[in-house]
Structure formats: C-alpha cells, structure tokens
Amino acid sequence: MKRNLLVIGATGKTGSHTTELLLERGHHVRALVRRSDERSERLAGLGAEIVRGDVLDLDSLARAMSGVNALYFTYPISSGLMDATVNVSQAAAETGVEAIVNMSQISARRETASNAARQHWVGERVLDRSPVAVTHIRPTFFAEWLINMWDGTGQLRLPFADGRHAPIAAIDQARVIAAILEDPAPHTAKIYPLYGAVELNHYEIAEAMSQGLGREVTYVPIDLDEFRAILEKRGAPEHLIQHLLAVAVDYRNGVFSGMNDLVKKIGGADPLDVQGFVAQNRAFYDNHTA
C-alpha cells in the first residue's frame, strides 16, 4: 500500500538512503531539507517532494507533516537536539502522524558522560510520552566513521584501545528504517540496537580495510588528549568533541560492542562487512591519499 512518508534529514547519510529505498518501493516521500542544493536536487530527480524547513521551526515542521502517515527523524550531533525533538513530537501530534522512527545512538542512557548521548536518551523519553507511536533505533558506530576519520595516511589514529564493535553502514540502517515506516505497528515502543556484520577491534578493522583496499592500513591507539587535538585541528565544535571523548571511554568499556540479526530480520538483507564497505567506497580512499 502506498504511504505518505516524511524523511527529516533527507540529505544526510541515513536519510538519503531511506528516501531512495522508499521511492523505489512506490511510496510518496516528502524530504525535509534546510536548503536546496545538489543533494536535494538529486532526490527531487528520483521523485521526492522537496520541502524546505527546519526542525527548530515548529510551523515549518507542521506544514511538512501535513497528510503524512509516518516519519523518520534524525538530528546531527550538535546543539538543538532537545528543541528539535520537542518540536517533532508536538507537530506530529498536531497533524495526526501515526508513527515516528527516531534515530538515537547505542550509548544513549541517563548516566552517560556524553551530553549528546544523554540528550538522545531524554529525547527518547519525550517521544515515548507522545500520542504518536515511536520506534527508537540505536546503532553502534557507523561504518562511515572509517571515511569521516580517514586522513589519507593509512593510519587509524583513534583512542579505542582494544574495544570492539560491528561497524554498520548507513544503507543497512536505512533498510531497517524504511521497513518500519512501511509497517510501523509491529515495532511500536521498541528500542532496536543495530549492528553490522562482524564485531571487530580496530586492529581487525584495519586488517579488513587493508584487504578491501589492497594496501596497508594500520591502527594506532592514541590517548584522549591526542584525539582532542586531532578533532580541534579539524575544527570540530566543542559539543561534538565532548561527545566523542566520552564515547571513546564508553567504547573501551564495551558499550558499543554486541551483535544481533535485526538488520536482516527487519531490513531484509545481510549487512555489509568492513571489507565490503571500503570496497564500495574505493574511489574515496583512492582520491584521499596523503
């Protein structure tokens, strides 16, 4: 059955994949974007209805949600998450939206040292009190982290000691999100931790990247002070730095580890492994070599 669906953050990592999947399946997809650019133009070319708005603007949200059956909500690790969450909850209730899929994170909990992760946990509780059905997804570190933190040297200089996780690609999360939006009822009030294909430490991740790229990648464990310096040099805002330093400690303590079969069970396909992910993104790595 064709549904009217809204994707908030439609030009982002999970949002763009979710929009594409839903369009391929014949749904009407409204893509909420803050500004028009080549990314939104590409989605429009695929058939999405592009709507300009801002989750921090309640009126623009309510307009975007008019006539919508269900929506996907994601927000970057930056200030404003709580205001955005409250606005989404209020606008959805006002406009009769049936269901929300909320992007949270695996480290979301009350006692976390990360301000952003705690805000995600509180945001979940806010949405739980809404009259709208909600499903929370809590992914471990994205596989895209291996692109975001790539500096071209072939070294992964990260503060994760020998902790482990199963990197999960945005496309695999999108398959889960799209499936829930198509049929929200079985997933109402559920919290889904999402994992990739194989749980690895960063030594093993570097080995898998080496195999996928055909050249050596090494993992170099670093301390938190050096990690802060790297992030500051990249121009990361303090809110993001505070979050990443806190979750680095969480990572060492096993918060990001684990495995399940939810990607295949809900999304319908096996998740990509690290070797497959870097092979698919080979052009990026080839074009970003120091």
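The values are calculated or read from the model by the stated rules, or taken from the named source; none is laboratory data. Quantities reported herein were computed from a predicted structural model and do not represent experimental measurements. Here Cβ is always computed from backbone atoms with ideal geometry, including for glycine, and neighbour counts include all displayed protein chains.
What the table shows:
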{"item": "Residue within region 57-76 that is over 19 Å from the mean Cα position of the chain (by Cα) and under 21 Å from H239 (Cβ atoms) present", "result": "yes"}
{"item": "Some residue of region 33-51 being of a type outside the set (D, E, K, R), in contact with a strand residue (DSSP E or B) (Cβ under 8 Å, 6 or more places away or on another chain) and under 14 Å from T74 (Cβ atoms)", "result": "yes"}
{"item": "Among (1) under 17 Å from E144 (Cα atoms); (2) in contact with a strand residue (DSSP E or B) (Cβ under 8 Å, 6 or more places away or on another chain), the one test that Y192 misses", "result": "(1)"}
{"item": "Top-ranked residue of region 46-88 - restricted to ones that are touching a Pro at 6+ places or on another chain (Cβ under 9 Å) and polar (S, T, N, Q), ranked as farthest from N148 (Cα to Cα)", "result": "N69"}
{"item": "Residues being in a helix (DSSP H, G or I) and either among the aromatic types (F, W, Y) or touching a residue at least 60 places away in the same chain (Cβ under 8 Å) (or both) - total across region 265-285", "result": "11"}
{"item": "Hits in region 120-172 (condition: among the β-branched types (V, I, T) and closer than 21 Å to G258 by Cβ)", "result": "T135, I137, T140, I168, I171"}
{"item": "Conditions (1) within 21 Å of Y192 (Cα to Cα); (2) over 17 Å from the mean Cα position of the chain (by Cα); (3) not in a loop (DSSP other than H, G, I, E, B); number of the one not met by N102", "result": "(2)"}
{"item": "Test result for H243, modelled with pLDDT of 95 or more and closer than 22 Å to N115 by Cβ", "result": "yes"}
{"item": "Unique residue being in contact (Cβ under 8 Å) with a residue 60 or more places away in the chain and either surrounded by 21 or more Cβ atoms within 10 Å (Cβ to Cβ) or of a type in the set (F, W, Y) (or both) when the list is V249, V198, V255, V217", "result": "V217"}
{"item": "Listing of helices (runs of 4 or more DSSP H) fully contained in region 5-75 that carry 2 or more residues being buried (at least 24 other Cβ atoms within 10 Å of the Cβ)", "result": "13-24, 58-65"}
{"item": "Check on A174, of a type outside the set (S, T, Y), surrounded by 22 or more Cβ atoms within 10 Å (Cβ to Cβ), touching a Leu at 6+ places or on another chain (Cβ under 7 Å) and not in a helix (DSSP H, G or I)", "result": "no"}
{"item": "Filter result for the condition that a residue is in a helix (DSSP H, G or I), out of contact with any Cys (no Cβ under 7 Å at 6 or more places or on another chain) and buried (at least 24 other Cβ atoms within 10 Å of the Cβ), over V88, V126", "result": "V88"}
